[in-house]
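Since every read-out is calculated from the coordinates, none of them should be taken as a lab result. Because the structure is a prediction, the values reported are computed rather than measured. With ideal geometry, Cβ positions are generated from the backbone for all residues, glycine too; neighbour counts draw on all protein chains shown.
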Amino acid sequence: MMRATRSLFVTVGLLSMAPFAAAAPSAAGSGPASVDITWMSISNVYYELGSFGVLTDGYFTRLQAQNFFGGGGGLAQTRSASTPDAALVKRVLGAITGDASTIGLLLTGHSHFDHAFDTATWSALTGAPIIGARSTCLQAQAQAIPVDRCTTVVGGEKIAVTGGVTMRVIRWNHSGDHLGNPEQHDPVELAAVPVPDPATGGLHAGVAEDFPNGGGGRAFLFTVDAPGGPFSWFFQNSASPSDLNAAIVVDGTNYGAPLVNLKAALQDAGLAGVDLWIGSGGAQVAQLVLPILKPKAYLPVHWDGLWGAFLSGVPSKYNDSSLASLLSRAGVKLLKPVQYMDKWRLDASGVKSVPNVAVKQALGFSP
């Protein structure tokens with residue numbers, strides 16, 4: 001018989017974590033007045049909550065396409081092990097903040113290389129704790145991050161991130177389907193710490209090697225109890241319309257269906273909808289998610305490809321006419337990214353674009 005799993009209450013550094021029903025409430029109006037949201041490329045997103053920074057995914061290394069082969073999507077195996085571009089990660093860190101301790105939390109939406117490959121490097125540079133799949137934590141251990149600095153989440157957890165800010169973890173799926181690209185899509189977790197290459201210390205980045213998806217994905221619902229009124233946003237970095245209503249089962253444990261899990265998180269948060277959806281998947285995914293999430297605005301991520309050098313900037317203009325039409329009919333504002341490090345500010349009154357000139361100039365991007 002399949003069994004359902006929910007995390008027991010634990011404490012991780014500054015973070016208190018519990019199942020949806022158990023986390024203690026914060027004082028009314030104790031959260032920051034707004035959050036600054038920076039799209040950094042792919043699904044790399046940086047949240048500035050006052051003086052507390054949350055970095056999601058954070059993949060900047062850009063592994064080479066020719067190193068990958070096999071599987072339905074061509075990403076199953078690699079010809080050689082790879083190491084993170086620590087110098088580039090350090091440069092990005094210096095551009096977004098002059099104080100590494102500003103980064104208080106690292107999140108990974110799933111454990112594929114284009115999301116989790118640089119996570120351990122970010123933690124080594126900042127000392128920040130990591131929250132993600134078991135696979136992400138095992139990958140981090142292989143890169144000399146202490147065991148107690150990474151916490152595995154399975155979905156259903158409610159985490160007090162900082163004063164007045166709560167994050168609910170939602171078990172999610174990955175894009176594709178079982179028939180077309182099972183290595184990328186099917187929920188798989190690492191069973192043990194990967195063994196680094198003895199010569200380089202690198203890992204094999206294939207999705208059927210050291211970087212499986214981590215048992216599907218983890219989406220995150222943030223709510224902020226701000227002085228000017230509450231606001232919220234939802235983040236997911238991959239999704240498949242083929243089975244958003246199907247239960248995710250890993251090693252005999254049923255983690256629920258993504259859309260059912262989303263409904264549970266919204267209900268627990270007392271939300272009929274969110275102020276912003278940061279997501280991927282195009283119109284097919286949006287058709288299924290919009291009636292449940294009811295966002296006021298949408299910021300697309302993971303549309304810019306995997307292989308272009310980060311410092312070269314956005315390789316092509318964002319364009320998804322099918323999704324744009326769907327969002328327009330639903331009355332959802334589409335935020336169109338133009339360049340890496342574009343920034344928006346979300347508060348109780350809504351979301352608006354804000355300049356990010358200094359950061360862009362530090363990285364060689366046109367402001």
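Residue pairs exceeding 28 angstrom between C-alpha atoms, taken from Lys158/Lys317; Lys294/Lys360; Lys296/Lys343: Lys158/Lys317; Lys294/Lys360.
Computed from the C-beta positions of Gln267 and Ala246 and an R0 of 25 Å, the FRET efficiency is 0.80 to the nearest 0.05.
With the simple spin-label model, which puts each label point 7 Å out from Cα in the Cβ direction, the Ser325 to Thr253 separation comes to 4.3 nm. Averaging the Cα positions of each part gives two centres, and for region 160-195 and region 293-366 these lie 23 Å apart.
What's the local net charge at Ser242, with K and R +1, D and E -1, over the other residues with C-beta under 13 Å away?
Details: positive: none; negative: Asp177, Asp186, Asp243.
Surrounding charge for Ser242 is -3.
Hull volume per residue, based on the alpha-carbon atoms of region 10-362 and their convex hull, is 126 Å³. The distance between label points at Ala144 and Arg79 comes to 2.9 nm (points 7 Å beyond Cα on the Cα→Cβ vector).
Over all other residues within a Cβ to Cβ distance under 15 Å of Ala100, the charged ones net out to 0, with Lys and Arg as +1 and Asp and Glu as -1. Remark: Lys317, Lys336 ranked as Lys317, Lys336, counting other beta-carbon atoms within 10 Å and listing the fewest first. Amide H contacts for Glu157 (H built 1.01 Å from N in the peptide plane; partners 5 or more residues away or on another chain; cut-off under 5 Å): Val169. Each residue of region 354-367 was assigned a 3J(HN,Hα) from its phi angle through the Karplus curve 6.51 cos²θ - 1.76 cosθ + 1.60 (θ = phi - 60°); the sequence is 10, x, 9, 4, 4, 5, 5, 5, 5, 9, x, 9, 5, x Hz, with glycine and proline shown as x.
Could you work out the relative contact order of the chain? I mean the mean sequence separation of Cα pairs under 8 Å and 6+ apart, divided by the number of residues, in percent.
Relative CO of the chain lands at 20 percent.
The label point for Lys336 and the one for Lys317, both projected 7 Å from the Cα toward the Cβ, are 0.7 nm apart.
Tally Lys/Arg at +1 and Asp/Glu at -1 over every other residue whose Cβ is under 12 Å from the Cβ of Gly71; what's the total?
Values: positive: none; negative: Glu183, Asp186, Glu209.
Here the charged neighbours net out to -3.
Extension gain, Leu179 to Ser366, is 63.1 nm, computed as 0.36 nm per intervening residue step minus the present C-alpha separation.
When the chain is fully extended, how far beyond the present Cα-Cα distance does Ala283 get from Ala199, taking 0.36 nm per residue of separation?
Roughly 25.7 nm would be gained on extension.
Using only alpha-carbon positions in region 153-218, the gyration tensor eigenvalues give semi-axes of 27, 20, 9 Å once each is multiplied by 5 and square-rooted (largest first).
Inter-part distance, region 121-141 to region 226-258, computed on C-alpha centroids, equals 21 Å. Find which of Ser280, Gly216, Ala226 sits farthest along the positive direction of the dipole of the chain, computed with +1 on the beta-carbon of Lys and Arg, -1 on that of Asp and Glu, about the Cα centre. Working it through, the farthest residue towards the positive pole turns out to be Ala226. Length available on full extension from Val354 to Asp99: 0.36 nm per residue minus the Cα-Cα distance, which gives 89.6 nm.
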